[in-house]
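A.B. asks: The structure is given below, and queries will be raised subsequently.
A short reminder: the numbers here are calculations on the coordinates, not readings from a lab. These figures come from a predicted structure and were not determined experimentally. Note that each Cβ is placed from the backbone with ideal geometry, even for glycine, and that neighbours are counted across all protein chains shown.
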Amino acid sequence: MKGLNIRKAQIADARLLAKFNIANALESETLTLDVIRAEEGVMAVLLDTNKGVYYVAESEGELVGALMITQEWSDWRACWKWWLQSVYVLPEFRGQGVFDALLLEVETDAQQAGVLQLALYMDQQNKRAEKAYIKNAFVSSHYLMLEKELFIKK
């Protein structure tokens, strides 16, 4: 997409990033997120890069897409794996290369940081996202992801 600017997110982007996350959860998993909690989650990342880093895509000064990177240390390989999370592109900008541009920036930064692998997980029903990831050379893993929900009072 012409005129697209990719950068790391700033505090001023927090509210819109939370809106992206809320829209993403509803669209991809029919999950309704609490607005205050979503905003707290985004702000926690923006204030502490140990939690993650958001990359945003701007078109004409408007945020049109974003993703977050978290990192995991592999003691088996003695290197970092970066996880793509909270990937979202506004519907009217999909199919125009926004995700591709975000991913290219992440890959460039990852290579400079000596990261061995990029990984992600997604809802199995999200076929549109799956096509975008496969188009960008992501492949299915032999790992099965399991979860255990812990309920922590806040």
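A.B. asks: Quick one: longest stretch of the chain between exposed loop GluC sites (Glu not before Pro), exposed meaning at most 13 other C-beta atoms within 10 Å and loop per DSSP? Intermediate results must be reported in sequence, preceding the final value.
C.D. replies: Numbers: sites that count: Glu60, Glu147, Glu149.
In the chain, the maximal stretch lacking such sites is 61-146.
A.B. asks: Can you check how the C-alpha radius of gyration of the range 21-72 compares to 2.2 N^0.38 Å, as a plain ratio?
C.D. replies: Taking N as the residue count of the range 21-72, the ratio is 1.23.
A.B. asks: Report the semi-axes of the equivalent ellipsoid for the range 4-135 in whole Å, largest first, where each axis is √(5λ) for an eigenvalue λ of the Cα gyration tensor.
C.D. replies: 22, 17, 16
A.B. asks: Got a sec? Which residues in the range 30-49 would a label at Gln125 touch, if it sits 7 Å along Cα→Cβ and we count backbone N under 16 Å?
C.D. replies: It comes to 30-33, nothing else.
A.B. asks: Another question, then. What distance in nm separates the two pseudo spin-label positions at Glu27 and Glu60, each 7 Å out from Cα along the beta-carbon direction?
C.D. replies: 1.9
A.B. asks: Taking a cut-off of 14 Å between Cα atoms, list the aspartates and glutamates near Lys81, but don't count ones fewer than 8 places away on the same chain.
C.D. replies: Glu72, Glu107, Asp109
A.B. asks: Related question: For the range 64-145, report the translational diffusion coefficient in µm²/s to the nearest whole number, using Stokes-Einstein at 20 °C, 1.002 mPa s, and a Kirkwood Rh over Cα pairs.
C.D. replies: After rounding, the answer is 157 µm²/s.
A.B. asks: What longest range of the chain stays clear of loop-exposed chymotrypsin sites (Phe, Trp or Tyr not before Pro) (DSSP non-H/G/I/E/B, at most 10 other C-beta within 10 angstrom)?
C.D. replies: In short, 1-75.
A.B. asks: Can you show me the helix-derived [θ] at 222 nm for the chain, built from DSSP H runs with n ≥ 4 at -39,500 (n - 2.57) apiece and divided by the number of residues, rounded to the nearest 500. Could the numbers behind the result be given before it?
C.D. replies: Working: 4 runs with 53 residues, N = 154.
Theoretical 222 nm ellipticity from helices: -11000 deg cm²/dmol.
A.B. asks: Let me spell out the model: positive unit charges on the Cβ of Lys and Arg, negative unit charges on the Cβ of Asp and Glu, origin at the Cα centre of the chain. What dipole size does that give, in debye rounded to 20? It would help to have the intermediate numbers written out before the result.
C.D. replies: Details: 17 positive and 21 negative charges, 33 e Å.
It works out to roughly 160 debye.
A.B. asks: Between Asp34 and Asn136, 0.36 nm times their residue separation minus their Cα-Cα distance comes to what? Show your work: numbers first, answer last.
C.D. replies: On the way: separation 102, 0.36 × 102 = 36.72 nm, distance 3.18 nm.
Between Asp34 and Asn136, full extension yields an extra 33.5 nm.
A.B. asks: If you don't mind, there's one more thing I want to ask. What share of the DSSP beta bridges in the chain is antiparallel, in percent to the nearest 5? Write down the numbers at each step before the final one.
C.D. replies: Values: 21 of 25 bridges.
Here the antiparallel bridges make up roughly 85 percent for the chain.
A.B. asks: Could you name the aspartates and glutamates in cross-link range of Lys2, using Cα to Cα under 16 Å and dropping any fewer than eight places away on the same chain?
C.D. replies: Straight-line reach from Lys2, under 16 Å: Glu58, Glu60, Glu62, Glu92, Asp100, Glu105.
A.B. asks: Residue-wise, which Karplus ³J(HN,Hα) couplings in Hz belong to the range 121-130, taking 6.51 cos²θ - 1.76 cosθ + 1.60, θ = phi - 60°, and x for glycine or proline?
C.D. replies: Rounded to whole hertz, the list is 10, 8, 5, 4, 8, 7, 5, 4, 5, 4.
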